[in-house]
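The values are calculated or read from the model by the stated rules, or taken from the named source; none is laboratory data. The structure displayed is predicted, hence computed values, not measured ones. Cβ atoms come from the backbone with ideal geometry, glycine included; neighbour counts cover every protein chain shown. For the accessible areas, the whole protein counts, side chains as well, though only heavy atoms, and no ligand, DNA or RNA atoms are used. Shrake-Rupley method; radii C 1.70, N 1.55, O 1.52, S 1.80 Å.
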Amino acid sequence: MSNKLFEEIKLESGSILKNRIMMAPMTIQAAYFDGTVTQKMIDYYAHRSGEAGAIIVESSFVEDKGRGFAGALGNTKDSQVKELRKLASAIKEKGSKAILQIYHAGRMAAPEFNGGAAPISASPVAALRPDAVTPRQMMPVDIDNMIQCFTDATRRAIEAGFDGVEIHGANTYLIQQFFSPHSNRREDKWGGNLEARAKFPEAVMRAVQEEAKKQQAEQFIVGYRFSPEEIEEPGITFEDTMYLLNRLAKLKPDYFHISMGNWNRTSIRDKEDSQTLLKKYTEQQSEELAQIALIGVGGIGQRSDAEAALEAGYDLVAVGKAFLVEPNWVGKAAAGKEIKNFADINEQDLLHVPEPLWDVMDFMIRDVQADEEKYEYLKALQNVKITFNPGTYEASAEGHDGSDIPIKVTFSDTKIVAIELDKQEQTDAVATSVFKRLPEEIIDGQTLQVDIISGATVTSRSLIDGVADAVEKAGGNSDALRVRPKAAVQWS
Ligand SMILES: Cc1cc2nc3c(=O)[nH]c(=O)nc-3n(C[C@H](O)[C@H](O)[C@H](O)COP(=O)(O)O)c2cc1C
């Protein structure tokens, strides 16, 4: 195990993170209707703070019609600062730096979350997703106002005591929309070619940095999150992204944060290209960009994943979903412990997970007790001694046409000896195969755990159920036969 993960890092602004691990920004949908921080949010973040170098607080919308989700965190009015301050303090008091992500959803701001307002974007082009609303094109004055919204949001973050902001230029939101040739078809100074499309992200970064300077916020962290490519045609290519980053690097932000589902992934535009995007990044970065810390994210579950990411070239890692189910992710990693990747169904309160997030986490939740009981039950069934009252017993299965097919099953005191079917009516080839193959497999394996024949699922199941019925009539335990392992295939 290398110890680099737990080495401190000094960022461009002079701010020092005590280790290389950050909690990734994750929207938990637990804010008040107007975006104000709730106690639930404070509890959730406090519970995960302390050991990580920094906690990146979820995306906060900077303009009132820019929400991407119900329950999203807002950063639109000064009255929100008081509760934002409680949130920042809760994180910092535990010992982690607090960074607030700032964004506007642009054309992804669905009217139902924004008082029915039509979304806005660089150009009137709807996103490629079902029910996407065509946005209204922003006028030059709207663009100036939007930059001011990012400035004001930065000031509020500073007043609330955050150690920094992360400009959300990723995940298809407004800043990315300005950079994208899919959503930006403008022909004024904000669009038309690659250079012009990079102007809005650059203007936002400048405004944020200037505000930090104006507020005399010392060592204030300014990070930038980006999505490296888009699948749309036309869409952002990796080369476009490198142009943008090399340009933004001249402004010397504290970090760039590449938003991906897996830190080690390759291009989504060119599936034939096997070079990782990280490798491309290191090859195409300018000298200025090489000086700026790069955060990798996506699929980091164990300490070994984080170490592999640093080894591959990232300076920092961000951990997302694993932090939801293991709030002490950093402590566990430091102790070299295996980190669980699921939450127990009874742990919601213990993990301080607000209800809407718990719903989103559905795929990560297990009922551990029920799983254990099931396991014990299956184990017990597998140990049941199989016996029958010898004789021939009758049952029935359902034919493919819904007709009843009588079955006769003959048992010795420990075995299924014969299965006879009246299959005269079944002329269908697949059904015939069910009636020939399955009885053979049941008798050969002395088990009801046999493979269903595809194309004849219902008939297969009904035959197995019929034999199970006969087993019960013969005093046997059909459940035990259903879980009895299949005979191992003998390869000759
Ligand atoms: C519930 C949830 C909410 C998220 N919200 C945000 C967000 O507000 N801003 C953002 O940039 N990414 C967001 N993400 C993406 C994560 O930051 C991260 O990039 C992604 O989950 C991959 O990392 P992981 O595999 O460690 O989870 C969210 C992810 C999840 C699971």
Val62 - would you say it is within 16 Å of the ligand (Cβ to nearest atom) and within 15 Å of Met23 (Cα to Cα)? no
Return a yes/no flag: does segment 334-345 have any residue that is farther than 22 Å from Glu58 by Cα, more than 15 Å from the chain's Cα centre (by Cα) and part of a helix (DSSP H, G or I). yes
Out of (1) open to solvent by 80 Å² or more (accessible area, probe 1.4 Å); (2) modelled with pLDDT under 95; (3) not in a loop (DSSP other than H, G, I, E, B), the odd one out for Asp359 is which? (2)
Provide a single number: the residues in segment 65-87 that are under 24 Å from Gln177 (Cα atoms) and either in contact (Cβ under 8 Å) with a residue 60 or more places away in the chain or within 16 Å of the ligand (Cβ to nearest atom) (or both). 11
Taking the stated definitions as given, is Ser15 modelled with pLDDT of 95 or more, open to solvent by less than 10 Å² (accessible area, probe 1.4 Å) and polar (S, T, N, Q)? yes
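Looking only at segment 325-352, count every residue that is within 11 Å of the ligand (Cβ to nearest atom) and open to solvent by 10 Å² or more (accessible area, probe 1.4 Å) and tell me the total.
So the answer is 1.
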For the subset of segment 285-306 comprising residues that are assigned to a helix (DSSP H, G or I) and within 15 Å of the ligand (Cβ to nearest atom), which member is least open to solvent (accessible area, probe 1.4 Å)? Ala306
In the list Glu376, Glu311, which residue meets the criterion of being open to solvent by 50 Å² or more (accessible area, probe 1.4 Å), away from the ligand (no atom under 16 Å from the Cβ), part of a helix (DSSP H, G or I) and closer than 28 Å to Leu17 by Cα? Glu311
Output the residues belonging to segment 161-215 that are polar (S, T, N, Q), closer than 25 Å to Val297 by Cβ and free of Cβ contacts under 8 Å to residues at least 60 places away in the same chain. Ser180, Gln209
Selection from segment 206-225 of residues that are within 16 Å of Gly169 (Cα to Cα) and surrounded by fewer than 23 Cβ atoms within 10 Å (Cβ to Cβ): Arg206, Ala207, Gln209
Residue list for segment 384-406, filter: surrounded by fewer than 18 Cβ atoms within 10 Å (Cβ to Cβ) and not in a loop (DSSP other than H, G, I, E, B): Gly391, Thr392, Glu394, Glu398, Asp404, Pro406
Across segment 179-203, which residue is farthest from the ligand (Cβ to nearest atom) among those that are under 30 Å from Glu218 (Cβ atoms) and open to solvent by less than 10 Å² (accessible area, probe 1.4 Å)? Ala198
Looking at segment 314-324, which of its residues are in contact (Cβ under 8 Å) with a residue 40 or more places away in the chain and within 11 Å of the ligand (Cβ to nearest atom)? Val317, Ala318, Val319, Gly320, Lys321, Phe323, Leu324
Among what's in segment 26-49 and is more than 21 Å from Gln348 (Cβ to Cβ) and in contact (Cβ under 8 Å) with a residue 24 or more places away in the chain, pick the residue that is nearest to the ligand (Cβ to nearest atom). Gly35
Could you list, in sequence order, all residues of segment 436-455 that are assigned to a helix (DSSP H, G or I) and more than 19 Å from Leu481 (Cα to Cα)? Lys436
Scope segment 234-272; condition touching a residue at least 60 places away in the same chain (Cβ under 8 Å) and surrounded by fewer than 19 Cβ atoms within 10 Å (Cβ to Cβ); matching residues: Lys252
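For segment 85-96, which residues satisfy the criterion of being buried (at least 24 other Cβ atoms within 10 Å of the Cβ) and closer than 22 Å to Ile295 by Cα?
At the first step, the residues of segment 85-96 found to be buried (at least 24 other Cβ atoms within 10 Å of the Cβ) are 87-88, 91, 96.
Correct list: Ala88, Ile91, Ser96.
Within segment 83-112, work out how many residues are of a type outside the set (Gly, Ala, Ser) and over 16 Å from Gly223 (Cβ atoms).
Matching residues across segment 83-112 total 13.
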Restricting to segment 218-273, what's the tally of residues that are within 18 Å of the chain's Cα centre (by Cα) and either more than 16 Å from the ligand (Cβ to nearest atom) or modelled with pLDDT under 95 (or both)? 1
All but one of (1) surrounded by fewer than 19 Cβ atoms within 10 Å (Cβ to Cβ); (2) within 16 Å of the ligand (Cβ to nearest atom) hold for Glu8, so report the exception by its number. (2)
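Each row is one residue, and each column tells you yes or no for (1) more than 16 Å from Ile158 (Cβ to Cβ); (2) open to solvent by 30 Å² or more (accessible area, probe 1.4 Å); (3) touching an Asp or Glu at 6+ places or on another chain (Cβ under 6 Å); (4) in a strand (DSSP E or B).
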| position | (1), (2), (3), (4) |
| --- | --- |
| Met22 | yes, no, no, yes |
| Ala30 | yes, no, no, no |
| Ile42 | yes, no, no, no |
| Ile55 | yes, no, no, yes |
| Ser59 | yes, no, no, yes |
| Lys65 | yes, yes, no, no |
| Ala70 | yes, yes, no, no |
| Glu83 | no, yes, no, no |
| Leu100 | no, no, no, yes |
Here is a list: Phe113, Phe179. Which entry is over 26 Å from Glu233 (Cα atoms) and touching a Lys or Arg at 6+ places or on another chain (Cβ under 7 Å)? Phe113
Taking Ile231 as meeting all but one of (1) of a type in the set (A, V, I, L, M, F, W, C); (2) under 23 Å from Gln177 (Cα atoms); (3) open to solvent by less than 50 Å² (accessible area, probe 1.4 Å), write down the number of the exception. (3)
